[in-house]
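First up is the structure itself, then whatever we jot down about it.
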Amino acid sequence: METVHVSLGERSYDVRIGPGLLAEAGQHIAPLLNRPRVAIVTEARVAGLHLAALQEALTADGIESEALVLPPGEATKSWAHLTETVEWLLDQKVERKDVVVAFGGGVIGDLAGFAASVLRRGVRFVQIPTSLLAQVDSSVGGKTGINSPHGKNLVGAFHQPSLVLADIDVLGTLAPRDFLAGYGEVVKYGGLGSLAFFEWLEANGPDLAAGDVEKRTEAVRRSVQMKADIVARDETEQGDRALLNLGHTFGHALEAATGYSDRLLHGEGVAIGCALAFETSARMGLMSQEAPSRFREHLAAMGMKRDLSDIPGELPDADGLMELMKQDKKVEAGKLRFILARGIGEAFVTEDVDPGLIRGLLEEALAAR
Ligand code: GLY
């Protein structure tokens, strides 16, 4: 087992990463408990595959548990399911010193974490992320929340978990496309902060996609370490934390343009968005022309989408995509902030981007479809 510590003073916690952690969950969670009882929030797909194993592991350490099983999918991150979750936790008589367990992918982690943040003005929660995306990104760093009809993640709170258990074996039950979408966030870390990690991924990505548990553990550990370092410097995204959004301004616009449907999964949008951010950087003379191609070649080697031409169906024109980009949360005083890079692994935040250059790049990418 590998451990990454997230250093945030009294809100510090461990992210434990490795195979077989679900079976040991009781041992890891017991030290946090005021009484031997937890409330689990999960969703139907994960429950069908893994809930019995989690509850057995808790029982083995004398911990009672009840589970709320919600529908799978992004639509669950809603006011209605937040209400359902909070009322269920109150029905279960979850006390101020109890612990809620978020057991699922990003949707469940965000929703259950937010419910824990408002329940009795804040109870502790443990993240047991079951998707690659949740293990390397959403379960770490304390962003919780739901979607509003106005947009994704517009209602929420910073509420750090007390522990994250990332069981690498659980990734074995993911559909290959979901695994690779999560890999979009892994490769983002190389892109934003470490050429050495990107090179490691170039060499080892195919093995870890094929199921190599040691390499999966290493990829999650390195991703989480990079996120932990950034979150420790900037918990509430006043500065550096925005680096974690490399590829997200383009990616979110593409997700919105495809109706948040399975035409484009979030991590796929992020990977294409990273390639577009690198292309922007190269056109601005910030990085070599070869770097965006190298990044795209790695996505191609992984069998991932890498360009607008890989997205099925209609897309809006360049102006339409630019309008969608302006809905991004990183807009400040009406100005779009971009994450660009001076090379693979050298990202920085800037407002200084000519909209004409972005429009030109999108027009070309759309024309190539
Ligand atoms: N997923 C971006 C962040 O946690 O800041």
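A quick yes/no check of all residues on (1) closer than 24 Å to Arg306 by Cβ; (2) of a type in the set (Gly, Ala, Ser); (3) more than 14 Å from the ligand (Cβ to nearest atom):
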position: Ala209; (1), (2), (3): yes, yes, yes
position: Glu214; (1), (2), (3): no, no, yes
position: Glu218; (1), (2), (3): yes, no, yes
position: Met226; (1), (2), (3): yes, no, no
position: Val231; (1), (2), (3): no, no, no
position: Glu235; (1), (2), (3): no, no, no
position: Asn245; (1), (2), (3): yes, no, no
position: His252; (1), (2), (3): yes, no, no
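When residues of region 276-334 are filtered for being at pLDDT below 95 and at positive phi, how many remain?
Residues that pass the stated criteria total 3.
Examine region 160-178 for a residue that is within 13 Å of the ligand (Cβ to nearest atom) and part of a loop (DSSP other than H, G, I, E, B), and state whether such a residue exists.
Checked against the condition, which is being within 13 Å of the ligand (Cβ to nearest atom) and part of a loop (DSSP other than H, G, I, E, B), region 160-178 yields at least one hit.
Six or more apart or on different chains, Cβ atoms under 8 Å: show the pairs whose first residue is in region 121-147 and without any contact (Cβ under 8 Å) to a residue 60 or more places away in the chain and at positive phi and whose second is within 16 Å of the ligand (Cβ to nearest atom) and assigned to a loop (DSSP other than H, G, I, E, B).
Between residues of region 121-147 that are without any contact (Cβ under 8 Å) to a residue 60 or more places away in the chain and at positive phi and residues that are within 16 Å of the ligand (Cβ to nearest atom) and assigned to a loop (DSSP other than H, G, I, E, B), the close pairs are Gly122/His159.
Scan region 258-279 and give yes if some residue there is among the hydrophobic types (A, V, I, L, M, F, W, C), over 20 Å from the mean Cα position of the chain (by Cα), surrounded by fewer than 22 Cβ atoms within 10 Å (Cβ to Cβ) and away from the ligand (no atom under 16 Å from the Cβ), otherwise no.
no
Checking the condition part of a helix (DSSP H, G or I) and out of contact with any helix residue (DSSP H, G or I) (no Cβ under 9 Å at 6 or more places or on another chain), which residue from Ala219, Ala203, Ala253, Ala275 passes?
Ala203
Yes or no: region 201-218 includes at least one residue that is of a type in the set (D, E, K, R), farther than 11 Å from Leu132 by Cα and in contact with a Cys (Cβ under 8 Å, 6 or more places away or on another chain). Talk me through it step by step, then tell me what you get.
Taking region 201-218 as the starting set, the residues that turn out to be of a type in the set (D, E, K, R) are 202, 207, 212, 214-216, 218.
Checking which are farther than 11 Å from Leu132 by Cα leaves us with 202, 207, 212, 214-215, 218.
Imposing the further condition that a residue be in contact with a Cys (Cβ under 8 Å, 6 or more places away or on another chain) reduces the set to none.
No: region 201-218 contains no residue that is of a type in the set (D, E, K, R), farther than 11 Å from Leu132 by Cα and in contact with a Cys (Cβ under 8 Å, 6 or more places away or on another chain).
Within the bounds of region 36-59, is there any residue that is free of Cβ contacts under 8 Å to residues at least 40 places away in the same chain, surrounded by 14 or more Cβ atoms within 10 Å (Cβ to Cβ) and closer than 18 Å to Ala116 by Cβ?
Yes.
I need the full set of residues from region 1-28 which are farther than 16 Å from Thr130 by Cβ and of a type outside the set (Ser, Thr, Tyr), in order please.
Residues of region 1-28 that are farther than 16 Å from Thr130 by Cβ, as a first pass: 1-14, 26-27.
Passing the criteria: Met1, Glu2, Val4, His5, Val6, Leu8, Gly9, Glu10, Arg11, Asp14, Gly26, Gln27.
Evaluate region 21-39: report whether one residue or more is outside any loop (DSSP other than H, G, I, E, B), over 24 Å from Leu89 (Cβ atoms), of a type in the set (A, V, I, L, M) and at pLDDT 95 or above.
Within region 21-39, one or more residues are outside any loop (DSSP other than H, G, I, E, B), over 24 Å from Leu89 (Cβ atoms), of a type in the set (A, V, I, L, M) and at pLDDT 95 or above.
Within region 116-153, take every residue that is away from the ligand (no atom under 11 Å from the Cβ) and at pLDDT below 95 and give me the one that is nearest to the chain's Cα centre (by Cα).
Here the residue is Lys152.
Look at Leu357 and say whether it is surrounded by 15 or more Cβ atoms within 10 Å (Cβ to Cβ) and part of a helix (DSSP H, G or I).
Taking the combined requirement at face value, the residue does not satisfy it.
Considering only residues that are in contact with a helix residue (DSSP H, G or I) (Cβ under 7 Å, 6 or more places away or on another chain), surrounded by fewer than 22 Cβ atoms within 10 Å (Cβ to Cβ) and among the charged types (D, E, K, R), look in region 64-109 and name the one that is nearest to Leu174 (Cα to Cα).
Step by step, filter region 64-109, then rank; the result is Glu74.
The values are calculated or read from the model by the stated rules, or taken from the named source; none is laboratory data. Source: prediction; values computed, not measured. Positions of Cβ are generated from backbone atoms using ideal geometry, with glycine treated the same way; all protein chains shown enter the neighbour counts.
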